[in-house]
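Single-structure report; data block below.
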Amino acid sequence: MPAVEPAVLREFKTDLHIHTCLSPCGDWEMSPRNIIQRSIDASLDLIAICDHNTSENAGAVMREGRRRDISVLPGLEICSKEEVHILAIFGELEQALAMQEWVYAGLSGQNQPEVFGYQIVANEDSEVLGENPRLLIGATRLGLGDIVRQTHALSGLSVSAHLDRPANGIINQLGFIPPDLELDAVEVSYRVPLAKARELIPVIGALPCITSSDAHFFQDIGRAATVFRMAAPTIAEIGLALRGEHNRGILT
């Protein structure tokens, strides 16, 4: 039996929490084309699109990313019934869209653009295709545990978003991280240096920890990034890096 060549590992600079103009609190500058251009300018190798409770603009960013040779993963930033924000990140658009339909079934209300902001669906040429009428900024009727389980059922990664923030972070909302919540990682915001996250937030414990920009505005893309040692910019490799398997890992 021939020997299996060891994987060639390299560093990938990633920002796994970026919003588009579809998020009501996102700026119109956050169009698919602008996001990719800014990601290139910030020397990012891999990004994830995680709009509030939706993934409708992820496909356009992925197509523009393929054209410009930057890897894009589709995802959502879901607001649980506990009002905790949790990222669901996938390898394939079909998985993210299936998660989106499940989330939509647990989401009530209609958007009021003049109050909450416009929710623009755009294509890879940054042309407006329409508006999403749902109240994307709202909380769903979905429990944290159910969100994590459904994410895993669709082969995604579940990350507790910006746990250091007072607004919608799991620590502020619950006071702790439930020990039976099978998170793949937690995320700290740009306000907390990743190297000091465990020291500053001891409740993180042994959970893998990343940082991301949570960018809603063009200039914020890449303001916080996580460098992984991996073989490829894929969801499977990120999973290995989070678990520290096969010499993959989080570097900074």
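The values are calculated or read from the model by the stated rules, or taken from the named source; none is laboratory data. On a predicted model such as this, the values are computed, not experimentally measured, just so you know. Heads up, the Cβs are rebuilt from the backbone with ideal geometry, glycines too, and the neighbour counts pull from every protein chain shown. What goes into the accessible areas is simple: the full protein's heavy atoms, side chains included, and nothing from ligands, DNA or RNA. Shrake-Rupley method; radii C 1.70, N 1.55, O 1.52, S 1.80 Å.
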Evaluate the following for Cys50: is it assigned to a strand (DSSP E or B) and either on the phi > 0 side of the Ramachandran plot or touching a residue at least 12 places away in the same chain (Cβ under 8 Å) (or both)? yes
Any idea which residue in the stretch 25-38 is farthest from Ser213 (Cα to Cα), counting only those that are crowded, with 24+ Cβ neighbours inside 10 Å and in contact with a helix residue (DSSP H, G or I) (Cβ under 8 Å, 6 or more places away or on another chain)? Pro32
Within the stretch 200-252, count every residue that is hydrophobic (A, V, I, L, M, F, W, C), surrounded by 17 or more Cβ atoms within 10 Å (Cβ to Cβ) and part of a loop (DSSP other than H, G, I, E, B). 6
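Kindly indicate whether any position in the stretch 96-114 is part of a strand (DSSP E or B) and out of contact with any Gly (no Cβ under 9 Å at 6 or more places or on another chain).
Residues of the stretch 96-114 part of a strand (DSSP E or B): 110.
Filter again for out of contact with any Gly (no Cβ under 9 Å at 6 or more places or on another chain), leaving 110.
For the stretch 96-114, residues part of a strand (DSSP E or B) and out of contact with any Gly (no Cβ under 9 Å at 6 or more places or on another chain): present.
What tally of residues in the stretch 98-113 results from selecting those that are more than 14 Å from the chain's Cα centre (by Cα) and either buried (at least 23 other Cβ atoms within 10 Å of the Cβ) or hydrophobic (A, V, I, L, M, F, W, C) (or both)? First the steps, then the outcome.
The initial filter retains those residues of the stretch 98-113 that are more than 14 Å from the chain's Cα centre (by Cα), namely 98, 101-113.
Applying the additional criterion that residues be either buried (at least 23 other Cβ atoms within 10 Å of the Cβ) or hydrophobic (A, V, I, L, M, F, W, C) (or both) yields 98, 102-103, 105, 107.
Qualifying residue count, the stretch 98-113: 5.
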Residues being within 16 Å of Gly65 (Cβ to Cβ) and either open to solvent by 20 Å² or more (accessible area, probe 1.4 Å) or assigned to a loop (DSSP other than H, G, I, E, B) (or both): count how many of those fall in the stretch 6-20. 3
